[in-house]
Amino acid sequence: APQLPPETAWRDRRDELLALIDHLVQTYAIDESRVLLTGFSLGAAGGWELAAEHAERFAGFVPVSGKVPEHFGPPEFRRLRELPVWAFNGEFDERAGPAQAQAAIAALQALGGRARHTTVAAGDHFIEDAVYPDPILQAWWLGQRRLTPAAA
């Protein structure tokens with residue numbers, strides 16, 4: 001779970017993050033067809049971009065309390081339509097409320113994407129302790145597998 005240094009954007013660190021994933025897959029017994037992407041808050045916002053640019057590398061994407069980048073439109077959603085996405089937002093999140101993610105999920109679904117959204121009832125921005133340990137999400141994660149090999 002890499003952390004973003006202050007005054008930096010995930011876009012600035014994308015190549016390093018992809019290199020880290022490659023290193024981990026090559027170093028450990030990791031099934032690369034089961035690599036999933038998730039992020040919380042700013043990490044979820046960066047995850048949307050990384051997922052759209054490299055959807056073929058991931059088996060699924062779970063953004064938690066993250067904004068969908070404002071520049072996202074049909075081209076980004078078309079690139080994501082084959083990637084299973086499950087977005088989570090807190091009902092009362094004032095930083096990244098559910099409406100934006102719900103619209104993104106609806107756009108993916110309209111393109112035939114396997115996407116869903118969950119609003120955590122009475123949740124604020126900090127819902128990660130309610131989301132990540134959830135056995136339903138964990139079962140969903142375990143059920144994801146990328147069908148085509150990643151490009152080298």
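Roughly how tilted is helix 98-110, in degrees to the nearest 10 and between 0 and 90, from the longest Cα axis of the chain?
Relative to the chain, helix 98-110 is tipped by roughly 60 degrees.
Between the helical axis of 10-27 and the dominant principal axis of the chain, each derived from Cα atoms, what acute angle in degrees is found, rounded to the nearest 10?
That helix lies at roughly 50 degrees to the long axis.
Which FRET efficiency value, to the nearest 0.05, is calculated for Ala106 and Leu4 with the Förster distance at 25 angstrom and r the Cβ-Cβ distance?
Plugging the Cβ-Cβ distance into 1/(1 + (r/R0)^6) gives 0.30.
Residues with amide H under 5 Å of Gly90's amide H, sequence separation 5 or more or different chain, H placed in the peptide plane at 1.01 Å from N; which?
Ser65, Val120
What number comes out for accessible area per residue over region 47-152 if the probe is 1.4 Å? Units Å², please.
So region 47-152 comes to 51 Å² accessible per residue, rounded to a whole number.
Compute the length gained on full extension between Glu56 and Asp134: take 0.36 nm times their separation in residues and subtract their Cα-Cα distance, giving the result in nm to one decimal.
Extending this stretch completely gives an extra 25.5 nm.
Is any residue of region 72-95 close enough, with backbone N under 16 Å, to a label point placed 7 angstrom from the Cα of Arg145 along the Cα-Cβ axis, and if so, which?
84
Could you grab the relative contact order for the chain? Cα pairs under 8 Å, six or more apart, rounded to a whole percent.
Relative contact order of the chain: 22 percent.
If each residue of separation counts as 0.36 nm, what is the full-extension length gain between Ala99 and Arg116 once their alpha-carbon separation is subtracted?
Gain in length upon complete extension: 4.8 nm.
Can you give the log10 of the normalised intensity I(q)/I(0) at q = 0.09, 0.11 Å⁻¹, computed with Debye over equal Cα scatterers of the chain?
-0.26, -0.40
Taking the Cα centroid of region 105-124 and of region 20-47, what is the distance between the two, rounded to the nearest whole Å?
Computed from Cα coordinates, the inter-centre distance equals 21 Å.
Amide H neighbours of Thr38 under 5 Å, counting only residues 5+ apart in sequence or on other chains, H built in-plane at 1.01 Å?
The answer is Val62.
The values are calculated or read from the model by the stated rules, or taken from the named source; none is laboratory data. Keep in mind it's a predicted model, so treat the numbers as computed, not measured. Heads up, the Cβs are rebuilt from the backbone with ideal geometry, glycines too, and the neighbour counts pull from every protein chain shown. Just the protein is used for accessible areas: all its heavy atoms, side chains included, with ligands, DNA and RNA removed. Shrake-Rupley method; radii C 1.70, N 1.55, O 1.52, S 1.80 Å.
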